[in-house]
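Everything on this sheet refers to the single structure shown next.
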Amino acid sequence: MKSNRKLILQLCGATLGMFLFGFALVPLYDVFCDITGLNGKLELVAKKSTGVIDTSRAIKVQFIANTNESMPWDFVAKDVEMTVHPGENARADFFVQNLTNEQMVGQAIVSVSPSIGAKYFHKTQCFCFDRQVLNAKQAQDVSVLFSLDTDLPESVKKITLSYTFFDITDLQPVAAN
Amino acid sequence: MTSAVDHHHGPATGMTRWLFTTNHKDIGSMYLIFSLLMFFIGGSMALIIRMELVEPGLQVVQPEFFNQMTTMHGLIMVFGAVMPAFVGLANWMVPLMIGAPDMALPRLNNFSFWLLPFAFFMLLSTLVMDGGAPDFGWTFYAPLSTTYAPPSVTFFIFAIHLAGVSSILGAINVIVTIMNMRAPSMSYMKMPLFVWTWLITAFLLVAVMPVLAGTVTMMLTDIHFGTSFFDAGGGGDPVLFQHLFWFFGHPEVYIMILPAFGIISQIVPTFSRKPLFGYASMVYATSSIALLSFTVWAHHMFTVGIPLVGELFFMYATMLISVPTGVKVFNWVATMFRGSMTFETPMLFAIAFIVLFTIGGFSGLMLAISPADFQYHDTYFVVAHFHYVLVPGAVFSIMAAAYYWMPKWTGNMYDEYLGKCHFWCSFVGLNLTFFPMHFVGLAGMPRRIPDYSIQFADFNLVSSLGGFLFGFSQLIFVLVVVKCVKGGKKAEAVVWEGAEGLEWQVPSPAPYHTFETPPEVK
């Protein structure tokens with residue numbers, strides 16, 4: 001009977017451990033994506049550029065602006081496509097307007113395709129770093145300052161950034177992600 | 001052999017016998033009856049699906065209700081029919097096969113069972129709720145199951161929690177029983193294979209059911225408490241849901257098939273009148289399948305956009321599983337080779353299992369080829385694949401086990417003629433139902449859609465007719481069980497000529513208490 005108790009406790013411990021492991025997978029998954037640059041997730045911190053410009057090649061950078069289905073904002077990419085050299089600083093502009101009669105808070109989430117490009121896409125400044133608070137009917141120009149890493153693999157000739165605005169008015173305060 | 005029946009401790013009478021029982025045989029029977037009931041409820045939903053798909057266009061149900069049917073059919077069959085049936089068989093047979101007087105934790109055993117009726121009553125009650133039952137598919141991908149879910153999703157989450165607790169407690173009970181209560185000289189490598197496969201299954205359950213519990217808990221807090229585990233707007237990720245779900249989900253498919261492997265490994269030697277070929281390799285093959293099952297989950301997600309290295313890793317890891325599975329199929333065939341075979345109902349189901357499960361395995365290999373999977377993904381080819389491994393796989397093995405051990409449970413032989421009728425109707429019915437799905441799937445018919453393009457009409461009609469044949473022939477099984485419980489030719493202790501194992505040392509029907517003194521194991 002004593003050995004029963006020990007085994008039962010071990011198995012309950014394993015059960016609890018696996019329950020917690022399920023939650024541990026959430027940050028582990030992000031860590032894994034960060035390290036490997038998989039899943040097209042961008043780091044949401046500003047990067048210093050190195051100053052070296054690789055003029056031997058030019059990369060097409062495209063911008064897509066979306067709003068999440070329940071987001072009553074107008075969001076347009078003013079620069080749909082541009083060509084930049086790796087290492088060169090560039091700027092892309094967007095227009096965003098709150099179409100409702102209420103103050104709203106939005107957060108832009110970016111996704112990069114191909115996902116390998118995410119690791120080499122450095123943003124020195126971005127409207128997606130912050131929540132955007134827009135009053136009723138307020139319109140605003142927002143921008144992203146970025147550069148491409150000179151280590152960008154040769155195989156990448158074109159990078160597409162897709163920004164999606166989500167309504168987070170009800171989700172305040174959000175995690176500083 | 002001395003009979004260990006204690007006449008002062010028979011079963012209690014009336015309802016309390018079933019409510020308060022701690023007897024492994026009573027609880028085993030309740031699990032089996034419960035799972036049969038769920039099999040019919042889930043089966044009726046499948047027939048509603050097949051009724052709608054008899055011809056193109058919408059005729060019987062609305063698309064919303066169709067979605068609820070596909071979702072509930074999957075959930076009920078997986079969590080309500082197949083898993084409890086195996087737990088019921090474990091309850092009945094594991095103590096008898098290892099020479100133990102009962103399960104190690106009898107009260108916990110009662111609790112694990114009685115959680116289930118409440119869990120599934122709650123799940124089924126969502127059908128009459130405002131907004132309807134869960135309609136997001138049995139895989140309940142976020143955000144379909146969070147942002148866009150009907151209000152009843154909360155009841156679904158708690159039902160999964162309850163069923164999960166029941167499975168985990170059942171699994172802990174099985175592990176403690178097998179590890180601590182074997183008859184003295186029964187070493188691990190002398191255990192019957194059904195016991196071995198259940199031990200490994202129980203460890204899988206302890207490892208992955210808590211992850212599922214965590215996943216549905218995250219859904220719950222996303223829906224009601226403002227977290228954003230799966231919501232990109234709050235910094236979460238819907239793909240995370242799929243990773244978490246399939247980290248549970250892939251081992252889950254082995255939870256539903258490893259005990260089946262054990263059952264087939266008991267039945268084939270009996271009716272071939274030869275010992276099982278390659279016992280040790282069976283044990284190692286089962287263990288390696290269980291270990292590998294943790295490394296293949298993303299093959300369900302080839303099309304969500306995982307990187308090339310990921311696609312390759314999960315493709316090769318998945319294909320690797322076919323090696324130990326091939327070992328098992330080889331061993332079963334080698335056991336039958338030059339055996340003195342007879343073809344009673346359990347053996348018919350077992351042989352059909354080997355043939356049809358292998359077909360399901362081959363379509364699984366096709367799906368594992370990641371570049372090809374982009375065409376097969378979410379088509380009826382996938383539906384054909386997993387029904388071939390689950391219906392003639394898990395369900396046939398349960399039927400085989402029921403016929404094989406029913407004389408030991410009831411003390412009466414079942415009606416062999418009706419048993420064979422049941423087998424042949426099921427065999428023809430299921431192949432008519434699921435085989436054409438391979439063709440419509442390869443031709444591009446998407447799954448989970450109530451309407452389809454007219455070129456799929458003929459094959460779908462065949463599938464529906466087969467589905468009705470399969471469904472209604474299960475009523476023959478009910479008839480067999482009822483007749484067998486009521487009476488029939490008395491069964492001997494050793495029911496089958498070639499049967500080996502401790503369960504045949506007790507009389508038929510197995511007395512209420514068995515092996516109160518541990519038996520000798522040769």
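Read the figures in this text as sums done on the coordinates, not as results from a lab. These figures come from a predicted structure and were not determined experimentally. No Cβ is skipped: glycine too gets one built from the backbone with ideal geometry, and neighbour counts run over all protein chains shown.
Annotations for the structure displayed:
- Normalised by 2.2 N^0.38 Å, with N the number of residues, the alpha-carbon radius of gyration of region A:56-116 equals 1.39.
- Fluctuation leader among A:92, A:139, A:65 - chain A, Gaussian network, Cα springs under 10 angstrom: A:139
- Computed 3J(HN,Hα) for region A:109-124, one whole-Hz value per residue from the Karplus formula 6.51 cos²θ - 1.76 cosθ + 1.60 where θ = phi - 60°, is 10, 10, 9, 10, 10, x, 5, 4, x, 4, 5, 9, 9, 9, 9, 7, glycine and proline marked x.
- FRET efficiency estimate (nearest 0.05) - Cβ-Cβ, residue B:517 to residue B:20, R0 30 angstrom: 0.70
- P(r) for region B:364-522, from all Cα pairs and a bin width of 10 Å, is 10, 29, 24, 17, 14, 6, 0 %, short bins first.
- At q = 0.07, 0.12 Å⁻¹, base-10 log of I(q)/I(0) for chain B (Debye sum, equal scatterers on each alpha carbon): -0.37, -1.16
- Projected area, mean over directions - region B:151-195, Cα convex hull, nm²: 3.8 nm²
- Pairwise Cα inverse-distance average, inverted: Kirkwood Rh of region B:349-456 (Å): 15.3 Å
- Near residue B:412, once Lys and Arg are set to +1 and Asp and Glu to -1 for all other residues with Cβ below 14 Å from its Cβ, the sum equals +2.
- Based on the Stokes-Einstein relation at 20 °C and a viscosity of 1.002 mPa s, and on the Kirkwood radius from alpha carbon pairs, region B:444-498 is assigned a translational diffusion coefficient of 141 µm²/s.
- Net charge, residue B:138 excluded, C-beta distance under 12 Å - Lys, Arg +1, Asp, Glu -1: 0
- Under 5 Å from the amide H of residue A:67 lie the amide H atoms of A:165, each residue being 5 or more positions distant or on a separate chain, with H modelled from the backbone and absent for Pro and chain starts.
- Entries of A:78/A:123; A:6/B:408; B:274/B:489 with Cα pairs more than 28 Å apart: A:6/B:408
- Placing unit charges on the Cβ atoms only, positive for Lys and Arg and negative for Asp and Glu, gives the protein assembly as shown a dipole magnitude near 2080 debye about its Cα centre.
- Just checking the listed ones, A:26, A:52, A:156: in the Gaussian network model of chain A with Cα springs under 10 Å, the one fluctuating most is A:26.
- Positive end of the dipole of region A:121-166 (Cβ unit charges, origin at the Cα centre): among A:146, A:156, A:135, the Cα lying farthest that way belongs to A:135.
- Helical content alone sets the calculated 222 nm signal of chain B at -22000 deg cm²/dmol, taking -39,500 (n - 2.57) per DSSP H segment of four or more residues and averaging over every residue.
- Here each label is just a point 7 Å from Cα along the line to Cβ, and for residue B:118 and residue A:133 those points are 4.7 nm apart.
- Largest to smallest principal axis extent of the C-alpha atoms in region B:110-246, angstrom: 60, 33, 22
- Eligible aspartates and glutamates near residue B:490 by straight Cα distance, threshold 19 Å, same-chain separation 8 or greater: B:344, B:415, B:416, B:503
- Quarter of the Cα convex hull surface for the protein assembly as shown, i.e. its orientation-mean projected area (nm²): 34.1 nm²
- Calculated over region B:227-350: convex hull of Cα atoms, volume per residue (Å³): 119 Å³
- Restricting the calculation to alpha carbons of region A:52-177 gives Rg and Dmax of 15.6, 50 angstrom.
- Extending 7 Å from Cα along the Cβ direction at residue B:374 and again at residue B:362 yields two label points whose distance is 2.6 nm.
- Percent of Cα-Cα distances greater than 13 Å, calculated over region B:54-115: 73 percent
- Comparing A:115, A:162, A:70 in a Gaussian network model of chain A (Cα springs below 10 Å), the most mobile by mean-square fluctuation is A:70.
- Distance between modelled label sites at residue A:157 and residue A:81, nm, 7 Å Cα→Cβ extension: 1.2 nm
- Assigned charges on the beta-carbon of Lys, Arg, Asp, Glu; chain B dipole about Cα centre (debye): 1360 debye
- Near-label residues of region B:143-158 by backbone N, under 16 Å of a point 7 Å along Cα→Cβ of residue B:304: B:143-147
- Pairs from the table (B:190/B:486; B:25/B:328; B:190/B:420; B:190/B:483; B:25/B:486) lying more than 27 angstrom apart at Cα are B:190/B:486; B:25/B:328; B:190/B:420; B:190/B:483.
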